[in-house]
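The structure under discussion appears below in the form of structure tokens.
Bear in mind these aren't lab numbers, they're just calculated from the coordinates by the rules spelled out. Since the model is a prediction, treat every value here as computed from it, not as a measurement. Methodologically, a virtual Cβ is constructed for each residue, glycine included, from the backbone with ideal geometry; neighbour enumeration extends over all protein chains shown.
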Amino acid sequence: MTFLYRDTLTWGTATVSVGFTERRLDLGDLAAAAAREAALAEIQEVTGAAPHLMHQVHGTGVQMVEDWDAAAGPPDVDALITAQPGRALLTRAADCVPVLLAADSGAIGAVHAGREGVRRGVVPATVDRLRALGAQRLHAWIGPHICGACYEVPDEMRAEVASAVPATHATTSWGTPALDLGAGVRAQLAEAGCAIVEVGGCTREVPALHSYRRDGAEAGRMAGVIWRTP
Ligand SMILES: [Zn+2]
């Protein structure tokens, strides 16, 4: 099994598929190159589409992959989009929120929304870009991420993020300040007029998922993958 969760959506003649990988695959930059290449090859085989990675920098940059010279390496952005079939867009995460987007225009997107990405609005920035390219209706999948009851942060950090995105304000199960990044992304997607599917699963609590908070600097990375067939 490559994907813990898989879904398919048909818009007109286009079929969009999404999947979220399981712990067996480590797509992180710290994974041994051979293991990561094997994981990418498995994704290419399962999806029948060429995988595209990004070098995630906790910003709000959005890159259309057909405008990027792959020879330059992965772009320093937190969102990839494409209007072409045959490409698989990957967003990699351990506790951050992976978001996949499908537009009725046929365009698709993959977004990495961590604490800074949620605060700075990488998800709304990606939706805006898809709308500028002709999207009317949008469908979003929110992948597994650390839940609000687990993601402890200092009080000042909670205040800073919640002042930008109030829905993120949370408390851990042990009573300390926390952030609910998934709730923040959900609010941003709803505000942007997207239909939303929540895949569920807290990365810190579910052993089958990679978690930075649980496993530390050695943690692997899972991928949210979206691809389209004509
Ligand atoms: Zn949790």
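With a requirement of 3 or more residues that are out of contact with any Leu (no Cβ under 8 Å at 6 or more places or on another chain), the strands (runs of 3 or more DSSP E) lying completely within segment 157-207 that satisfy it span 177-179. Only one entry of Ala208, Ala195, Ala170 meets the criterion of being farther than 20 Å from Tyr151 by Cα, out of contact with any Ser or Thr (no Cβ under 9 Å at 6 or more places or on another chain) and hydrophobic (A, V, I, L, M, F, W, C), and that entry is Ala195. Of all residues in segment 188-207, those that are in contact with a Pro (Cβ under 9 Å, 6 or more places away or on another chain) and closer than 28 Å to Leu27 by Cα total 8. Would you mind stating whether Pro144 is more than 18 Å from His169 (Cα to Cα) and either free of Cβ contacts under 8 Å to residues at least 24 places away in the same chain or within 16 Å of the ligand (Cβ to nearest atom) (or both)? So Pro144 passes the test.
Only residues that are touching a His at 6+ places or on another chain (Cβ under 7 Å) and hydrophobic (A, V, I, L, M, F, W, C) were counted in segment 5-47, giving 1. For His169, the conditions (1) under 21 Å from the mean Cα position of the chain (by Cα); (2) in contact (Cβ under 8 Å) with a residue 12 or more places away in the chain are fulfilled apart from (2). Pairing residues of segment 191-213 that are closer than 21 Å to Leu9 by Cα and more than 16 Å from the ligand (Cβ to nearest atom) with residues that are acidic (Asp, Glu) and part of a strand (DSSP E or B), at Cβ distances under 8 Å and at least 6 apart in sequence or on separate chains, gives Val197/Asp7. The residues in segment 147-180 that are crowded, with 16+ Cβ neighbours inside 10 Å, aliphatic (A, V, I, L, M) and away from the ligand (no atom under 15 Å from the Cβ) can be counted, and the count is 4. For Ala183, the requirement of being closer than 30 Å to Ala83 by Cα, out of contact with any His (no Cβ under 8 Å at 6 or more places or on another chain) and within 14 Å of the ligand (Cβ to nearest atom) is met. Only residues that are of a type in the set (A, V, I, L, M, F, W, C) and either surrounded by fewer than 16 Cβ atoms within 10 Å (Cβ to Cβ) or over 25 Å from His55 (Cβ atoms) (or both) were counted across segment 1-37, and they come to 9. The residues on offer are Asp67, Asp76, Asp7, Asp29, and the sole one that is touching a strand residue (DSSP E or B) at 6+ places or on another chain (Cβ under 6 Å) and either in contact (Cβ under 8 Å) with a residue 24 or more places away in the chain or not small (Gly, Ala, Ser) (or both) is Asp7. If you check Val111, Val99, Val123 for being outside any strand (DSSP E or B) and among the β-branched types (Val, Ile, Thr), only one passes: Val123. Filtering segment 44-64 to residues that are touching a residue at least 12 places away in the same chain (Cβ under 8 Å) and over 16 Å from the mean Cα position of the chain (by Cα) leaves Gln44, Val46, Thr47, Gly48, Ala49, Ala50. With respect to the stated conditions, Ala135 fails to be within 12 Å of the ligand (Cβ to nearest atom), among the aliphatic types (A, V, I, L, M) and in contact with a Ser or Thr (Cβ under 9 Å, 6 or more places away or on another chain).
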